[in-house]
1. Condition check: of a type in the set (D, E, K, R) and either at pLDDT below 95 or under 23 Å from Ile130 (Cα atoms) (or both). Does Arg21 satisfy that?
2. Looking at Arg94, Arg49, Arg54, which is the one that is of a type outside the set (A, V, I, L, M, F, W, C) and at pLDDT below 95?
3. So, of the residues in the range 36-89 that are among the β-branched types (Val, Ile, Thr) and under 18 Å from Leu132 (Cα atoms), which turns out to be surrounded by the most Cβ atoms within 10 Å (Cβ to Cβ)?
4. For the range 49-58, enumerate the residues that are under 21 Å from Asp104 (Cα atoms) and either assigned to a strand (DSSP E or B) or hydrophobic (A, V, I, L, M, F, W, C) (or both).
5. Looking at (1) among the polar types (S, T, N, Q); (2) touching a residue at least 40 places away in the same chain (Cβ under 8 Å); (3) under 14 Å from Leu23 (Cβ atoms), find the lone condition where Ser51 falls short.
6. Quick check: anything in the range 132-142 modelled with pLDDT under 95 and of a type in the set (A, V, I, L, M, F, W, C)?
Amino acid sequence: MAGRPKRKPAGSRAMPPAEPRPLREADLGRVVEIEVNTFSDPWTRASFRESLARPEVIGLALDDDRGRLIAYGICVLAADEGEILNLAVDAAARRRGLGRLLVDAMVEHLRLGGAEQVFLEVRRSNIAAIGLYRAAGFSVLGERRGYYTHPREDALTMGRIVTRNTARKG
């Protein structure tokens with residue numbers, strides 16, 4: 001009907017801020033909660049703490065409109081290459097563009113740090129993630145047989161060139 005405002009879907013929340021924020025030590029409890037609920041072979045709190053203590057590692061987070069962390073990403077810069085190590089979105093907040101927002105932010109941080117290429121591994125069966133990475137400009141470069149162990153599965157290696165002339169904005 002004309003003139004009638006559209007209703008928000010049940011359970012929807014306002015979008016998070018346009019800019020991800022740095023991941024903090026205080027976030028790790030929530031990060032591990034999302035990690036355990038997302039992955040069959042999750043990182044531990046110690047793994048996150050050790051990674052984030054390294055100066056070449058970048059951790060980013062997104063919060064919902066109530067300030068609750070709902071997504072995070074971890075990436076690393078080594079010389080002129082970057083790698084996305086971990087990315088997860090809370091199940092209740094998926095399919096809202098948050099993963100793409102974090103991928104784009106990590107790629108931009110890596111590019112500004114001097115990366116010319118960014119790589120990642122993804123489970124061959126993770127069709128949603130593969131679609132996300134393809135939409136963000138990544139392409140499949142190869143595979144790593146038996147890369148994942150719980151359950152045993154191959155990984156696709158994906159990459160993207162990110163020089164100053166090819167950097168994307170969300």
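1. Numbers: of a type in the set (D, E, K, R): yes; either at pLDDT below 95 or under 23 Å from Ile130 (Cα atoms) (or both): no.
Answer is no for this residue.
2. On the way: Arg49 fails: at pLDDT below 95; Arg54 fails: at pLDDT below 95.
The unique qualifying residue is Arg94.
3. Step one: list which residues in the range 36-89 are among the β-branched types (Val, Ile, Thr), which gives 36, 38, 44, 57-58, 70, 74, 76, 84, 89.
Within this subset, residues satisfying the condition of being under 18 Å from Leu132 (Cα atoms) are 38, 70, 74, 84, 89.
Details: Thr38: 15, Ile70: 23, Ile74: 23, Ile84: 25, Val89: 23.
The selected residue is Ile84.
4. Taking the range 49-58 first, the residues under 21 Å from Asp104 (Cα atoms) are 51-52, 55-58.
Hits for the range 49-58 are Leu52, Val57, Ile58.
5. Result: Ser51 passes all but (2).
6. No, because not a single residue in the range 132-142 is modelled with pLDDT under 95 and of a type in the set (A, V, I, L, M, F, W, C).
The values are calculated or read from the model by the stated rules, or taken from the named source; none is laboratory data. Values in this document were obtained by computation on a predicted structure and should not be read as measured data. For neighbour counting, all protein chains shown are included, and Cβ atoms are generated from backbone atoms with ideal geometry for every residue, glycine included.
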